[in-house]
Every structure is written in structure tokens, then in C-alpha cells.
Amino acid sequence: MTELPLMLPALPEMVLAVAAMGLLMFGVFARGNAFTACTWGASYALVIAGLLLTAGLGTRVEAFYGQFVVDDFTRYAKLLILVAAGSSLLMARRWMIAEDIQRFEFPVLMLLATVGMMLMVSANDLIALYMGLELQSLALYVMATLHRDNARATEAGLKYFVLGAVASGVMLYGASLVYGFAGTTGFAGIHAAISGDAAAPVGVVVGLVFVVCGLAFKISAAPFHMWTPDVYEGAPTPITALFAIAPKVAALALFLRVLMEPFQSLQTDWQQVLIVLSVLSMVVGAFAAIAQENIKRLMAYSSIGHMGYALVGMASGTSEGVRGVLVYLTIYLFMNAGTFAVILAMRQQDRPVEAIKDLAGLGRTQPLMALAMAIFMFSMAGIPPLAGFFAKFYVFMAAVDAGLILLAIIGVLTSVVSAFYYLRIVKVMYFDEPLEGLDPIRCNALRVIMGVSAVVVVFFFLSPALVVDSADVAAASLVAAR
Amino acid sequence: MIETIPFLSIITFLPLFGAACLLLVVRGTEEEVANNSRWVALWTSGVTFALSLFVWIGFDPSTADFQFVEKVDWLPAYGIGYHMGIDGISLFFVILSTFLTPLCVLASWEAIKTRVRDYMIAFLVLETMMVGMFCALDYVLFYVFFEGVLIPMFLIIGVWGGARRVYAAFKFFLYTLLGSVLMLVALLVMYLHAGTTDIPTLMATAFPEDWQIWLFLALMASFAVKVPMWPVHTWLPDAHVEAPTAGSVILAGVLLKMGAYGFLRFSVPMLPLATAEMAGVIFVLSIIAVIYTSLVALAQEDMKKLIAYSSVAHMGFVTAGIFAMTQQAVEGALFQMLSHGIVSGALFLCVGVVYDRLHTREIARYGGLANNMPRYALVFMLFMMASVGLPGTSGFVGEFLIMLGVFQVSNWTALLIALGVILGAVYMLYLYWRVIYGKLEKPDLKGLMDLRPREAAVFAPLVLVVLWMGIYPNTFLGPMQATVANLIDGYQTALAAATDGVAVAAR
């Protein structure tokens, strides 16, 4: 009889997977619409998974014969993913019901996507990596088309699927090249195979570049960003809110591990690629957003820009850089969750609207909502004392420390350009006269998420150490594992 | 006893507390809210001013050390702290900020009719940012306040401004931000070299000579925009013209001082070698600012724009004075900044008085106001004379000291900026002539009321201070002396050490 592999470290993932299947069964056999019940069930599953994450804090455990790893870095990233998924789920409930797409598959798919993302974060092997990535992607493709009678949503889903499949293919090809030259798919094995005195074989470098391209697609870094605006615009807004946060966190965490662990000795090679990706993303994010009229498209370009800033930290390739990326992601999570709560609250005569001009005069008609949105916009522009400033501060600090001063200068300059379009939203809300006005917010979940995010963003400066120190521990656990 | 109270934090955050009260507590009908907001803002800023006077009283002028120091860990692992303190350079800027804010609240009493609560909140937040910036002794803290000013000012210009307010607000924000982010990179470089962002420690750190020039340029990108120095001054006329009266007062009175303060706090003490090297460039830019913008001011048709350009010219004096690095010149520069803060603020208020009545700032629409507004004409004349630099007013002391100091370093610079004094007299007198003198012919001017009691109450303290500064400047120069002497001492020592080093290397 063969011994079962060590599985306990994956308990949070297993809870979510079992919950997903249980809820699926419940949804199929329940009488009436199981959407609300499934949403609450999924929320509880996320909370339980979050509590289970804390087990064994501070230790590094490998499971499934080394394919799956749990350390402080994965715990940190998974916590962000769970918070992001949970907030999207809560924000979605009312919206889905109002739009008459209250399908119980949504929470189930959300759980499956979350499992996939957590697997990505914990992947310690190219195969585990691919499995996690595909589980996540397939669930997300379906979610993008959840509104199946809507042509735009269907188009978004299809586009996402086709381009995503190409990216996965590219990455798989790269992974197979790496396997061919390194002789193993395990991260530790790859590291051992290529970190000798001899120069790494060209095939590994080519494979690495393919893998990086695939991952860049998943975080929508330029020049692999083409799908982002269309998918963001087409998908139902709560799902866009999910797209904007959780998969980015997962893919960036995975990205960090791949670069810092197996390919750490090729830093000089991947650093150039990352610098290019980062500069392009920041520039595209800054300039392309200026002309946008639709707020979801604007957020798409904004997220491309933000990924550029996160890549600045990653390009420095140091523990400070990893810390910077984690701090950035944490703050990004709150800014984006809050912004999307505002976008979801944009309704006129009970129809959702998404043009920037619909926000006109919000400062008078709904002062608190406008204030929250203004806080998020100033924060995204990186104006102190709001949290967004500290996010940029830490990644640029890492970049300057690693000698990438030019990259930091390009970064701060593009942040000025992007300040223009964030300010434009503030301008529309406060300087323009109200046109039709928006409906008052009816959903408490949106109010809570807006309020909590705004408070976090405003008061982050009181004790940045709360986040930064944990991020530091997480970053150290990743870098120490080399 | 007085040592244990965190005075600086209290005066920094009291306005913020007032703003929070306005946001959360004040309720009622629109009219009630507006009225309560005005009173809350006035009381908050008034109490803040009163408290800041205690700081002045408790200030020990005999030492160059930082006083009222407060130090709390903020990011302990990274050498970044919440560190506050003032010295002879920052003392009067703190008081200038707390002095002007209640006057601005009073000046906006009736001029602002819409969204009064939001307006007052913006002003109180702005006060916190300004005071905090002058008190900050940690570079990151300084940067937070320095940039934080942008948010309330952007809203003040954009929401309550004139016809082209959106353009002006964006230009102000983006211009300033562009400069500041370059300073952020310099901040990071300095931090990674010194391992801390504590300003006193950074002042004692010797940065490598070949870095200094780059760091200096990055800092200058930020401070020069704020001052503003020619050729990056173009945001100022737009912002001034479009801002509401009180916004212009704060812009001219305090925000412009942030740049020059930055030069004195960072560029000069931390980067002495680059300062010595760049002084010539700064002199040239200052001369251009003084002469060119004075000529531009002469050609203006809009009162606010004229005063805005005169601000650029006056700040040209200040930058020349700072980089002359003699005792008289630096003290003169500091004095000139204070004087300009009061005088240009008062001039904007003077414009505001007639603007509130006639809703135009076009000079040609006025004339002969001396006939029916004698008190206004008198007040306006005093501030006009102070701006020109008439002996007995505050403007004279600053300009005189600067020219005296600059003359010791470069007599050509002194000669050319002295030309600015003459041009200043020309454009100010020309303005005064067109607005106040002549026959009262235009029918809509005949009905204008003279200063109301509330307006007189705003001007009275300003008149008093301008005369006080002009007649007995020592009250203000005294506390600066030790700090300025120490600054120049440190600068000379650093230069001497560098030349010694070069001499040793050459041998």
C-alpha cells in the first residue's frame, strides 16, 4: 500500500474545494434560486480558509512531495486573495440580483478560482504552477461570460479565453523548454541545475522568457495588456472588480516566486525583461487612460499602470523589492476594492451606468460617496498622506537601492501623467455641475466596503509598520528560502 | 512645564481636528451649517494662532538648535520618525501660517456662498499641512506635508475659483507634482546613503561631491516650481487669478515660501558644495525673475495677475538673498519672505474688497476710488508702499538687507536686482494711479461702499504688522540670527573642508 503524501498544509485550499463542490450540489438540487444561500456559504468558506491560513505561522512546510509550499510569503499573498475574493463576493450580491443574473454558479466559480489562485501562490513546481493557473483561468473565463445574454460580456469572455489560452500555451512551451534543459520541474531542482559555475544554457533562458511572457499576460503588463480594457469593460462589474485584484495578487506572487527561487541565478537576464515590461506598463497605463470615457476602461488602464509600479519593485530583485511589491499589492487591494464599490454604486433610475461623466456633481448630490472616491483617486495618484503614496515609496526605495535610479525616475514621471486622469475624476465630481445625479446607495455591503477602504487608505500613514513589517517577514521567508 | 506639552503637534493638528468636527458634527439646514462652519473655522484657526504665539514666547533666540522637539518612532526599522521641531528659520513661517488662516476665514465670510462647510474644511486641512511642513524635522514627514498641501489647494481653486478654474487647478497641481516627484527620488537616494531621513542627521551627513549636483538639481526641480523661479513660474499667475481671494492670500503668503524654505532647510545645509557651484545660476535666474516679471507686471490688465507677477519678482530677491550666503542676505531673504507673505496677502485682500463689490478685476473698469472709498484708498496705499519698499514699512528692511548682503558677493547682481526696486515702484504706482486716482466717472463705481467693519477687522492686524516690521524689525530678526549664523558657519566649514581635500589630493 502506498503512503499518502503530506497534505495537511493545503487544508485551506481543500476546504474551499470541498465547499465549492458541496455548494454546486446544493445549487443543482435546491428548489428555487440558490444564489443567495450559495453566496453566504461561499463567504463562510472563505472566512474559514482565512482562519486556517494562520496555522503554523512563521514556518515553511512543503507538501505533495515538494510540489506545494507554504511559508509566510504564501500566507500573506493568500490572505490578500481571500480578502479580495470575499469583498468581490459581497459587493456582487445585490448587483447580480438587480441585473437578474443571480446564478448560483457564480459563488461556486468564485471559490474554484480562489483555489486556483491559492495553488498558484503555493506552487513549487512548474506543473503545480500550470495547474493552479489553469484552474484559476478557466473559472475566470466562465465568470466573464456569466451574463450570457449580453453581447459585450460574451465577447469579453471569448476574447479573454482565446488570448488567455495563447498565453498559457506560450508559458507551457517555456516550461517544457526549462524542463528539457534542467531535467526537472521542481523549483529547487531547477535552481540547483542552473546555478552552477557554468553559464546557464540558452534554452533555459529562452524558456524563462516564455514563462515571463505568459505571466506578464496574466498580470496584464504591457505589451501583453491588449485584452484588459475590453474584458474589464465587457464583464459584469462585480466580476471586473474581482479581475482587477485577486488574480493580479496571485499572478504577481507566483511571478515573484518563479523569479526569486528557481531562476534567481539568472537575475541579470530577467531583470532587463522586467524593466522593459515595467516601463511599458507604466507608460501605457498613464497615457492610454487619459482618453477614456468609460470608468471601467479607465480602471483597466489604471491597473496596467499599477502593475508597472509593482514590477519596479520586482525588477530590483531584492528582499526590499519583494517587500515593496507586497506592500503595493496590499494598498492596491484596498484602493481598488473601494473604487469598484463606488463604481458598483453608480446607478441611474436603477440601471447601472459607467461613464465618467455620470459622476458629475457627485460632490453635491452624494458628498460622502464623492469624498470616498476622491480619496481613492488621490491615493492612486500617489499623493501623500494617503496610502498610495507609501505603496509607491516602498517600490521606488527598493529600485533606488538596487541602483535602478533611471527606472525610478521614469516611474515618478509617469505617476505625474497618471495623476492627470485621476484628477479628472475628482474634477468631474467636484468642479462640474450635477447632470442627472445618481441613485442613493441601497446596498450596505457597498457602503461598508467603501467606508472601510477609505478609512484604511486615509489612516494608513498612522502606522505603516503594521503592514510593512508583516510584508517584511513575508518577503524574508521568500528570499531566505533560496 | 511648557517643555512637556507637544505644542507643535497641537498647533499642527488642531485645525485638522476642527475640520473633522465640521465634517462629522455640524448638522442642520444649509444656512445653519454654513454659519456654524464659519464660526467653527474662525475659532479653530484663532485658537491655533493664539497657541502658536506661546511658541514664539517660549522660543529661545540665543541658540541655533531645534526647539520644542518631539520625536516618536514612526517606522522605527527604517530610521523614519515623527520628528517635529523649529528653529529661527521656521519659527516665523509657522506663525505666518497661523496668522493668515483666521484672516482668510474672515475674508471669505461673505465672499464664499456655496458649499461653505467644504470650503472651511479645505482651509483647515490646508493649515495643518502648512504648519506641519514648517515644523517637520523628518524628510518623509516633510514630504508628506509638502505634497499634501496640493489636495486642499486643488479643491479650493477648482471648486470656488473663477472662470478658468479647472485649467488653473490642473496646472497648479501637475506642475508642482512634477517637481516634487523628482525630489522624492532625491529623498530616496539621500535616505539610502545616510540610512535615515532625520533632517538634523542629514544636515550633518557629507554627501559625495559628484552626487551633490544631481541631488541639488532634483531638489531644485521641486523648490524652484514652488518659489516660483523663472522660467517655471507660469502656473502662478493662472492659479492666483482663478483662486478665490483667500486662496490667493494663502498661495502668495505661505505656499510660495515653501520653496524658499526648502532651499534653506535642505539644499544649502545638506548640499553645500553644489550650492556654491550653482549660486551663479541661481543669481542669473533671480535677476531675470526680478527684471523680466516686473516688466510683465507693468503690462497687465488684471489686478490679480499684476500682483501675481510682482510676487515672482519679489521671490527673485529672496532666492538671490539665500544663495548669496551672507548673514545680511539670508536674514534679509527670510525677512522679505515674511514681509511678502503679509503684504502680497494684503494686496490680494485689497483686490478682493473691490472684486466682491463689482465682480471684475480688470484695472480699466476702476478709477477714482479715492473719492468714495477713502479708507480703502489709505489701506491700499500703505500696502502698495510696503510692496514697493518704502522705508518704515516691512518691504524696505528685507530688500535693503538682501541688497546689502548680495553686494558683498556679487555687485553686478546687486545692481541688477536694485533695478527691480525701481520697476516695482513703477508698476505698483501705475496700478494705484489707475485704480484709486482720477475722476470718479464710471457710474457703477459711484455706489461702492467703503470698507465694512468686518473688512477693516481683517486689514487692521495686517497694517499693524507691516508697520511693526518696518519700524522695529529686530523683533523678527533677533530670533533668526543664531540659526542663520549657524547655517552660514556650517556652509563655510563644508566649503573649506572640500577645498582642503582638493588641495591635499593635488599635492
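The numbers here are math on the coordinates, done by the rules we state, and not lab data. A quick note: this is a predicted structure, and the numbers were derived from the prediction, not measured. All Cβ positions, glycine included, derive from the backbone under ideal geometry; neighbour counts span all protein chains shown.
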**Prompt:** If we count other beta carbons within 10 Å of each Cβ, what is the order of B:Thr245, B:Thr128, fewest first?
**Reply:** B:Thr245, B:Thr128
**Prompt:** Expressed as a rounded percentage, what relative contact order does region B:351-454 have, with Cα pairs under 8 Å and six or more residues apart?
**Reply:** 47
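Placing +1 at every Lys and Arg Cβ and -1 at every Asp and Glu Cβ, with all other atoms neutral, what dipole size does region A:2-480 have around its Cα centre, in debye to the nearest 20?
On the way: 25 positive and 29 negative charges, 177 e Å.
Value, rounded to 20: 840 debye.
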**Cα-based shape type of region A:2-480, given that a ≥ b ≥ c are square roots of the gyration tensor eigenvalues and the cut on a/c is 1.5** = oblate
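Please state the shape class of chain B: rounded when a/c is under 1.5, otherwise prolate if a/b exceeds b/c and oblate if not, all from the C-alpha gyration tensor.
The shape class here is oblate.
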**Message:** Taking the 0 to 90 degree range and rounding to the nearest ten, how far is the long axis of helix B:303-324 tilted relative to the main principal axis of chain B, both from C-alpha atoms?
**Reply:** 20
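Please order B:Trp412, B:Trp235 by the number of other Cβ within 10 Å, starting at the fewest.
Numbers: B:Trp412 11, B:Trp235 19.
Neighbour counts put them in this order, fewest first: B:Trp412, B:Trp235.
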**Asked** Setting aside same-chain residues fewer than 8 positions from B:Lys442, which lysines have a Cα under 29 Å from its Cα?
**Response** B:Lys113, B:Lys304, B:Lys305
**Prompt:** Suppose every K and R has +1 on its Cβ and every D and E has -1 on its Cβ; what is the size of the dipole of the protein assembly as shown about the Cα centre, in Debye to the nearest 20?
**Reply:** 2040
**Request:** Report, in whole Å, the centroid distance computed from the Cα atoms of region B:244-278 and region A:173-193.
**Result:** 57
**Fill in**
Between the Cα axis of helix B:209-226 and the main Cα principal axis of chain B, the angle (0 to 90°, nearest 10) is 10
**Request:** Count, for each residue of B:175-181, the Cβ atoms from other chains sitting within 10 Å of its Cβ, then give me the mean as a whole number.
**Result:** 5
**Fill in**
Check: C-alpha center region A:18-80 vs C-alpha center region A:307-383, spacing in Å is 26
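With the contact rule set at Cα under 8 Å and sequence spacing of 6 or more, what percent relative contact order holds for chain B?
Values: 817 pairs, mean separation 77.5, N = 507.
RCO, chain B: 15 percent.
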**Fill in**
Projecting the Cα atoms of A:Gly183, A:Ile48, A:Ile375 onto the charge dipole of chain A, where Lys and Arg contribute +1 and Asp and Glu -1 at Cβ, the residue farthest towards the positive end is A:Ile375
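Sequence gap at least 6, Cα distance under 8 Å: using those rules, report the relative contact order of chain A to the nearest whole percent. Walk me through the intermediate numbers first.
Details: 858 pairs, mean separation 73.6, N = 482.
Taking the mean separation of contacting Cα pairs over the length of chain A, I get 15 percent.
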**Rounded if a/c under 1.5, otherwise prolate or oblate - region A:1-72, Cα gyration tensor axes** = oblate
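Only helical DSSP H runs with n ≥ 4 go in: add -39500 (n - 2.57) per run for chain A, normalise by residue count and round the 222 nm mean residue ellipticity to 500 deg cm²/dmol.
Computed ellipticity for chain A at 222 nm equals -25000 deg cm²/dmol.
To the nearest 20 debye, what charge dipole does region B:176-286 have about its Cα centre, counting +1 at the Cβ of each Lys and Arg and -1 at the Cβ of each Asp and Glu?
On the way: 3 positive and 6 negative charges, 44 e Å.
Roughly 220 debye for region B:176-286.
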**Request:** From other protein chains only, count the Cβ atoms within 10 Å of every residue's Cβ in B:139-151, then give the mean.
**Result:** 4
**Message:** What is the angle, in °, between the Cα long axis of helix A:367-380 and the longest principal axis of the Cα atoms in chain A? Nearest 10 is fine, range 0 to 90.
**Reply:** 30
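Can you sort B:Tyr119, B:Tyr355 by how many other beta carbons sit within 10 Å, fewest first? Spell out each step's value before the answer.
Values: B:Tyr119 27, B:Tyr355 18.
Taking fewest neighbouring Cβ atoms as first place, the list is B:Tyr355, B:Tyr119.
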**Item:** Within straight-line cross-link reach of A:Lys392, lysines at Cα separation under 28 Å, skipping those fewer than 8 residues along the same chain
**Value:** A:Lys78, A:Lys218, A:Lys248, A:Lys296, A:Lys427, B:Lys71, B:Lys171, B:Lys226, B:Lys257
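Taking R0 as 45 Å, what FRET efficiency do you get between A:Leu11 and B:Phe13 from their Cβ-Cβ distance, rounded to the nearest 0.05? Show your work: numbers first, answer last.
Details: r = 46 Å, r/R0 = 1.03.
After rounding to 0.05, the efficiency reads 0.45.
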